[in-house]
Amino acid sequence: MKTAVNIGSLQLKNPILTASGTFGNGHEFIDYMNLNSIGGFCSKGLSMEPRGGNPEPRIVETASGMLNSIGLENGGAKAFLNEVLPQVSDYDTAVIVNIYAHSMAEFVELVRYLEQSDRIDGYEMNLSCPNVAEGGAAFGSDAAVVAKLTQAARNETKKPLIIKLSPNVTDVREMAKAAQGAGADAVSLINTLIGTAIDREKRRFILARKVGGLSGPAIKPVALKMVWDTVQAVDIPVIGIGGIVSFEDVLDFLIVGATAVQIGSGNFINPALAQECAHSLETYLEERNETIDQLIGSIRS
Ligand SMILES: Cc1cc2nc3c(=O)[nH]c(=O)nc-3n(C[C@H](O)[C@H](O)[C@H](O)COP(=O)(O)O)c2cc1C
């Protein structure tokens, strides 16, 4: 396959993935696109136990983007294996499970539990959530913690392990290096930037939780820069995420060196966007008689 890329031991038929929390658990999009057309999808953030989300309002549109404070609502690991996975098991696309927990022990328990499934092709560890045991700071803002958590998950699985990094740090490269040093197969970035929005008539915050994660085209320049920085800092594949709403956006991330990309908020505007990007990539490479390896990292100066 001309568009195939590798993430550790996982070969993706093309570098187009969809981002966690913006693509349900895959099956919700079956009526809008052909799941077989994309390299894979990242599940909605999954925890060991079912979790309710944050109070509403928890989504607000902003200039060229949106803020969300969904709160990682999900049905838990047991329901995921028994009810969700069977709905996508016949599709020829990678299933990457996005996992989160509030302690190292919980992460370990979750990976250990999910290992019983053959349909899971890899894990993406979301380190943007608060570390409850350590006072609530995000796991992903401390390189030593990133290394410890990566190592703990690595000990539980031989499947591809992707560490998803937060942009809300001083230097994302330090976090990426820590993940690589502890055995991660890849890093993905960026998760959302923290922001807020107010209702000036009522003089209140719009989101019930006051703050949320900013995503969409507004964050693309920040994401592109962080991906480019990270590509130069590590040897493992970097998966680019942030503000992709067109095939041209996909190209930008690949050109600065991302091995694959994830489409997030763009799915809300056009639920067939990922499929369209995968198709456009094939045509683009054919027309230029270029290989995917030549395209990735082809930025000159
Ligand atoms: C509604 C919503 C829910 C999200 N849920 C998750 C999640 O459960 N786990 C996670 O790692 N990222 C989650 N994200 C972050 C996205 O996966 C992605 O990193 C971010 O939105 C930036 O990409 P985008 O600008 O293309 O949307 C969520 C984003 C949105 C908009």
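The values are calculated or read from the model by the stated rules, or taken from the named source; none is laboratory data. Computed from a prediction, not measured in an experiment: that's the story for all the values here. Cβ placement follows ideal geometry from the backbone for every residue including glycine, while neighbour counts extend to all protein chains displayed. Quick note on the areas: whole protein, heavy atoms, side chains included, nothing else; ligands and nucleic acids left out. Shrake-Rupley method; radii C 1.70, N 1.55, O 1.52, S 1.80 Å.
Computed over protein heavy atoms with a 1.4 Å probe, the carbon and sulfur contribution to the accessible area of the range 213-301 reaches 51%.
Averaged per residue, the range 188-234 has 58 square angstrom of accessible surface, using a 1.4 angstrom probe with ligands and nucleic acids left out. For the range 73-89 versus the range 106-179, the inter-centroid distance based on Cα atoms is 21 Å. Projecting the Cα atoms of I263, I162, I59 onto the dipole axis of the chain, where Lys and Arg carry +1 and Asp and Glu carry -1 at the beta carbon, places I59 farthest toward the positive end. Of the solvent-accessible surface of the range 136-208, computed with a 1.4 Å probe over protein heavy atoms with every protein chain present, carbon and sulfur atoms account for 49 percent. Dipole check for the chain: with +1 at the C-beta of Lys and Arg, -1 at the C-beta of Asp and Glu, and the Cα centre as origin, the magnitude is about 840 Debye. Accessible surface computed residue by residue for the range 43-168, with neighbouring protein chains in place and a 1.4 Å probe, gives 43 Å² per residue.
Counting 0.36 nm for each residue step from V222 to H279 and taking away their Cα separation leaves a gain of 17.9 nm. Using Cβ point charges alone (K and R +1, D and E -1), the dipole size of the range 253-301 about the Cα centre works out to roughly 220 debye. Reported value for the range 219-301: 85 Å³ per residue, from the convex hull of its C-alpha atoms.
A dipole drawn for the chain from +1 and -1 charges on Cβ atoms has a positive end, and of S301, G212, F247 the residue lying farthest that way is G212. The simple spin-label model puts a point 7 Å past each Cα toward its Cβ; for N289 and Q232 those points are separated by 3.3 nm. Taking one quarter of the surface of the convex hull spanned by the alpha-carbon atoms of the range 89-235 gives a direction-averaged projected area of 10.9 nm². The heavy atoms of V60 present about 20 square angstrom of accessible area, all protein chains included, probe 1.4 Å.
Separation of the range 227-301 from the range 1-23 is 11 Å, based on Cα centroids. Cross-linked pairs K2/K177; K44/K78; K44/K202; K164/K225; K78/K159: Cα-Cα separations exceed 22 Å for K2/K177; K44/K202.
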